[in-house]
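In what follows, a structure is listed as structure tokens, so that the remarks can point back to it.
The values are calculated or read from the model by the stated rules, or taken from the named source; none is laboratory data. These numbers were taken from a predicted model, which means no experiment stands behind them. Ideal geometry is used to build each Cβ from the backbone, glycine not excepted, and the neighbour counts take in all protein chains shown.
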Amino acid sequence: MFALGAKRHYIPFSRPMPTLPRKAPATIRRQIIEALRDPARRFLDQNSSSRNHLDRWDLRADGFFADLADGLASDLLFLKPKNQANQPQRYQCVLAYSENDPYPALDIHVTLSPKGQPPRVMIAVHESDTVQTLPRIYVDS
Amino acid sequence: MKTAKKLKVRTESIPCFECEGGSLQPVSQDHQTHHPKLGNLTIPAVPMLRCDSCGTTVIGEDGNSRIDAFLDKALNVISPAEIQAFLDKYKLTQKRAAELTGYGEKNISRWLTGRARPSESVSNFLRVLLSESSAFERLKMKNFPDALKAYPAEARQPDVEEKEILKLVDYPAPVKI
């Protein structure tokens, strides 16, 4: 790759800055919060290791959903970029606990079911690896 | 009539989140998880919902409750009702309990509301304090020595247990010796 003895030149800020994901509409965010507060309308994705993260950190499901609803009431939600065109639209956010809490920041992916009324949510939980690219922005209204 | 029937079916079944073409059907499946204390474990027959078209599986309220109940039992965790009983017994606020035990007030609130699961050591400690008034008093005296001044030993009446012990003491015997 480099000629022997040649000096490597590191150019600061040479990488493109990551683009901020698009914000989800406020109506969607409110629908998700409503669904999260209703035990019959919230589901955990079994195929991902969502439930295992809760078990590992001693978080009860009820508490986790309540924390997420509280978090979304004050922080913005973002659109998750699609990998395939036929994929359902997903949303993403980071559930960050305070420094005094023993819990890690959790990367949350939300799928809202538009079919069937009232809408339901499926939540996938991951240990946060996108926490650097998803800022916490407080909602104005 | 046909439309009404169709509508009824549609409202009862939950459409799949992934394919949206299928509907979620109740199934029972083992849940495999890992807990730092318990290691790898399998929770049998957890109610879940699986799409009849694409196979996507989700865990609903019943499944989550079953997993949480299983872990609570396996970890011998103190229940929110027991924590409330501890606060009621000693007439403590959450803030006062936090000062006394050294746990965070927010943590106590989360355990009390069932949002988070206290560790086994926390559960054991709170259970001891709940059952043993003398342990609680000692902790209180250690952490709040000022409480002694407000509650002098001379003014304190022996409790039921102490009265029983005092009855058993044979005072003349040591005098004879």
Give the number of residues within segment B:17-64 that are under 21 Å from B:Ala116 (Cβ atoms), of a type in the set (Gly, Ala, Ser) and surrounded by fewer than 17 Cβ atoms within 10 Å (Cβ to Cβ). 1
Criterion: modelled with pLDDT under 90 and within 32 Å of the chain's Cα centre (by Cα) - qualifying residue of B:Pro36, B:Pro44, B:Pro26: B:Pro36
(1) at pLDDT 90 or above; (2) surrounded by fewer than 18 Cβ atoms within 10 Å (Cβ to Cβ); (3) hydroxyl-bearing (Ser, Thr, Tyr): which one isn't true of B:Ser123, the others all being true? (2)
Does A:Ala85 satisfy being part of a loop (DSSP other than H, G, I, E, B), more than 13 Å from chain B (Cβ to nearest Cβ) and not aromatic (Phe, Trp, Tyr)? yes
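Each row is one residue, and each column tells you yes or no for (1) outside any helix (DSSP H, G or I); (2) not assigned by TED's automatic domain parsing to the domain that holds B:Phe136.
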residue	(1), (2)
B:Met48	yes, yes
B:Gly55	yes, yes
B:Asn64	no, yes
B:Ala69	no, yes
B:Asp88	no, no
B:Arg96	no, no
B:Lys106	no, no
B:Ser109	no, no
Considering only segment B:65-82, state which residues are touching a helix residue (DSSP H, G or I) at 6+ places or on another chain (Cβ under 7 Å) and facing chain A (nearest Cβ under 9 Å). B:Ile67, B:Asp68, B:Leu71, B:Leu75, B:Val77
Pick from B:Asp88, B:Asp62: which is free of Cβ contacts under 8 Å to residues at least 24 places away in the same chain and facing chain A (nearest Cβ under 10 Å)? B:Asp62
Residue check for B:Thr56: of a type in the set (Ser, Thr, Tyr), within 11 Å of chain A (Cβ to nearest Cβ) and touching a residue at least 24 places away in the same chain (Cβ under 8 Å): yes
Flagged in segment A:45-63 as under 16 Å from A:Gln92 (Cβ atoms) and surrounded by 19 or more Cβ atoms within 10 Å (Cβ to Cβ), in numbering order, are A:Asp45, A:Ser50, A:His53
